[in-house]
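The values are calculated or read from the model by the stated rules, or taken from the named source; none is laboratory data. Worth saying up front: this structure is predicted, and the values here are computed from it rather than measured. Please note: Cβ atoms are built from the backbone with ideal geometry, for glycine as well, and neighbour counts cover all protein chains shown. Each accessible area value is taken on the protein alone, full model and side chains, heavy atoms only, with ligands, DNA and RNA left out. Shrake-Rupley method; radii C 1.70, N 1.55, O 1.52, S 1.80 Å.
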Amino acid sequence: MKVLVTGGAGYIGSHTAKRLAEHGHTPITFDNLSTGHRALARFGPLVVGDVTDPAALDAAISAHRPEAIVHFAALSQVGESMQRPELYFRNNVGGTVALVEAALRGRIGTFVFSSTAATYGIPSHVPILETQAVQPINPYGESKLACEMLLRSASAAHGLSCTALRYFNAAGADPGGLIGEAHDPETHAIPLLLMAAAGKRAGFAIFGDDYDTPDGTCIRDYLHVTDLAEAHVRALTLSGAARFEAINLGTGHGQSVRELVDAARAVTGRDFRVEARPRRAGDPPSLVADAGKALDLLGWKAEHSSLDHIMRTAWDWTNAPANPLHNRG
Ligand code: UFG
């Protein structure tokens with residue numbers, strides 16, 4: 001199957017493109033390269049274009065005739081979204097509107113959407129089921145929830161088949177050393193820890209050690225990006241017109257920031273300075289998925305997401321020559 005992968009030059013997009021190719025599909029990457037990297041778009045054709053540009057989308061669709069869309073292209077920094085909410089609504093919601101319209105013009109009926117656990121906000125219960133109330137606490141989460149609402153309505157109105165995959169914490173890298181996470185600026189805990197281990201940063205700050213958790217630091221459900229990629233390929237096989245599903249992707253197990261620090265030190269064999277700082281605004285104490293729906297509907301569960309494997313592959317990528325940020329301090 002030919003699959004249009006918007007944001008295919010980004011972190012999760014590039015891993016999904018690789019997995020699609022491994023399953024015999026043809027990923028067509030559509031990416032404006034604003035946060036993605038040309039070097040990560042290596043598993044099929046690359047079309048450089050912006051997802052908010054209807055003409056660019058139409059041109060890509062008529063040139064390549066994809067049968068399905070996997071939509072990653074979006075801005076994803078929570079902090080930035082608090083400063084510039086309009087940017088998040090224009091890019092994330094505007095881009096999804098333009099893409100749905102282009103899908104309808106191009107008669108593409110299958111849509112897989114990159115959503116997030118940020119749609120839940122501060123959960124009333126952990127592990128989180130998809131039936132729990134969605135109450136995002138930042139514009140990033142709001143923009144993703146707005147996209148989900150559009151997809152739900154568009155699937156009913158136009159007979160599309162839409163799946164929104166709500167990721168918990170994506171982490172790790174493909175073991176081949178050619179693709180991985182390359183955000184600039186980087187805000188995520190695991191790459192920041194490993195940059196500290198590599199001597200590229202002075203140390204690591206734990207954002208809050210006074211939470212109501214066993215060791216006082218926040219708990220997250222870290223999922224290897226290879227597992228995440230596989231779930232997208234499976235979601236493409238969910239069929240049925242006028243169908244919308246939101247599905248959590250996580251392991252069902254949480255790890256604290258202190259456990260990440262210990263794992264980073266163990267895997268790298270390096271010590272580095274760690275200090276507790278005040279809490280970061282908007283961080284819920286604990287986010288862990290109930291991943292039962294993914295097992296039921298996709299036959300999917302995490303298989304590569306031990307913290308050791310996540311940390312090992314992320315460490316290899318930190319030092320990989322192919323990493324676009326490799327030579328930066
Ligand atoms: N953390 C630190 N120090 C750092 C960076 C992070 O202690 O320097 C902590 C955070 O406070 C949090 C945990 O490490 O408790 C994980 O933080 P990340 O920034 O790696 O990830 P988040 O859980 O904040 O964010 C992720 C995705 C977002 C998504 C969110 C909720 O990156 O896109 O999950 O689903 F919105």
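On inspection, residue 36 does not qualify as touching an Asp or Glu at 6+ places or on another chain (Cβ under 8 Å), at negative phi, at pLDDT 95 or above and open to solvent by less than 50 Å² (accessible area, probe 1.4 Å).
Among residues of the stretch 256-269 being within 11 Å of the ligand (Cβ to nearest atom) and of a type outside the set (Lys, Arg), the one that is surrounded by the fewest Cβ atoms within 10 Å (Cβ to Cβ) is 259.
Screening 124, 155 for residues that are open to solvent by 10 Å² or more (accessible area, probe 1.4 Å) and either over 22 Å from residue 76 (Cβ atoms) or more than 15 Å from the ligand (Cβ to nearest atom) (or both) leaves exactly one candidate, 124.
Close Cβ contacts (under 7 Å, 6 or more residues apart or on different chains) running from residues in the stretch 102-130 that are without any contact (Cβ under 8 Å) to a residue 24 or more places away in the chain and hydroxyl-bearing (Ser, Thr, Tyr) to residues that are in a loop (DSSP other than H, G, I, E, B) and within 14 Å of the ligand (Cβ to nearest atom) comprise 124/132.
Tell me, yes or no, whether the stretch 147-158 has at least one residue that is touching a Cys at 6+ places or on another chain (Cβ under 6 Å) and of a type outside the set (Gly, Ala, Ser).
If we filter the stretch 147-158 for residues that are touching a Cys at 6+ places or on another chain (Cβ under 6 Å), which is where we start, we get 151, 155.
When the remaining residues are screened for being of a type outside the set (Gly, Ala, Ser), the result is 151.
Yes; the residues of the stretch 147-158 include at least one that is touching a Cys at 6+ places or on another chain (Cβ under 6 Å) and of a type outside the set (Gly, Ala, Ser).
One residue stands out among those in the stretch 215-229 that are closer than 18 Å to residue 318 by Cβ and open to solvent by less than 20 Å² (accessible area, probe 1.4 Å): the one that is nearest to the ligand (Cβ to nearest atom), which is 222. Within the stretch 259-314, the only residue that satisfies the criterion of being among the aromatic types (Phe, Trp, Tyr) and either within 18 Å of the chain's Cα centre (by Cα) or part of a helix (DSSP H, G or I) (or both) is 300.
Taking the numbered list (1) closer than 30 Å to residue 281 by Cα; (2) part of a loop (DSSP other than H, G, I, E, B); (3) not charged (D, E, K, R) in turn, residue 92 passes all entries but (2). Looking only at the stretch 231-238, decide whether some residue is closer than 18 Å to residue 172 by Cα, in contact with a Ser or Thr (Cβ under 8 Å, 6 or more places away or on another chain), more than 16 Å from the ligand (Cβ to nearest atom) and not aromatic (Phe, Trp, Tyr). Yes, because at least one residue in the stretch 231-238 is closer than 18 Å to residue 172 by Cα, in contact with a Ser or Thr (Cβ under 8 Å, 6 or more places away or on another chain), more than 16 Å from the ligand (Cβ to nearest atom) and not aromatic (Phe, Trp, Tyr). Name the single residue, out of those in the stretch 158-171 being more than 12 Å from the ligand (Cβ to nearest atom) and in a loop (DSSP other than H, G, I, E, B), that is surrounded by the most Cβ atoms within 10 Å (Cβ to Cβ). Across the stretch 158-171, the extreme among qualifying residues is 160. Selection within the stretch 270-317: residues that are hydrophobic (A, V, I, L, M, F, W, C) and open to solvent by 80 Å² or more (accessible area, probe 1.4 Å). The member of this set that is farthest from residue 139 (Cα to Cα) is 295. Considering every residue within the stretch 93-110, establish whether at least one is surrounded by fewer than 17 Cβ atoms within 10 Å (Cβ to Cβ) and modelled with pLDDT under 95. No, there is no match, as no residue in the stretch 93-110 is surrounded by fewer than 17 Cβ atoms within 10 Å (Cβ to Cβ) and modelled with pLDDT under 95.
For residue 320, the criteria (1) closer than 30 Å to residue 237 by Cβ; (2) out of contact with any strand residue (DSSP E or B) (no Cβ under 7 Å at 6 or more places or on another chain); (3) open to solvent by less than 30 Å² (accessible area, probe 1.4 Å) hold in every case but one, which is (1).
Residue count for the stretch 143-154, restricted to those that are within 19 Å of the chain's Cα centre (by Cα) and free of Cβ contacts under 8 Å to residues at least 40 places away in the same chain: 2. Scan the stretch 141-150 and give yes if some residue there is on the phi < 0 side of the Ramachandran plot, part of a helix (DSSP H, G or I), buried (at least 23 other Cβ atoms within 10 Å of the Cβ) and near the ligand (Cβ under 10 Å from one of its atoms), otherwise no. Yes, there is a match, as at least one residue in the stretch 141-150 is on the phi < 0 side of the Ramachandran plot, part of a helix (DSSP H, G or I), buried (at least 23 other Cβ atoms within 10 Å of the Cβ) and near the ligand (Cβ under 10 Å from one of its atoms).
The set of residues in the stretch 186-214 being part of a loop (DSSP other than H, G, I, E, B) and either under 15 Å from residue 287 (Cα atoms) or within 6 Å of the ligand (Cβ to nearest atom) (or both) consists of 187, 188, 211, 212, 213, 214.
Taking residue 253 as the residue in question, decide whether it is closer than 24 Å to residue 304 by Cα and within 10 Å of the ligand (Cβ to nearest atom).
On the way: closer than 24 Å to residue 304 by Cα: yes; within 10 Å of the ligand (Cβ to nearest atom): no.
Criteria not met by residue 253.
The single condition among (1) modelled with pLDDT under 95; (2) of a type in the set (A, V, I, L, M); (3) not in a helix (DSSP H, G or I) that residue 75 does not meet is (1).
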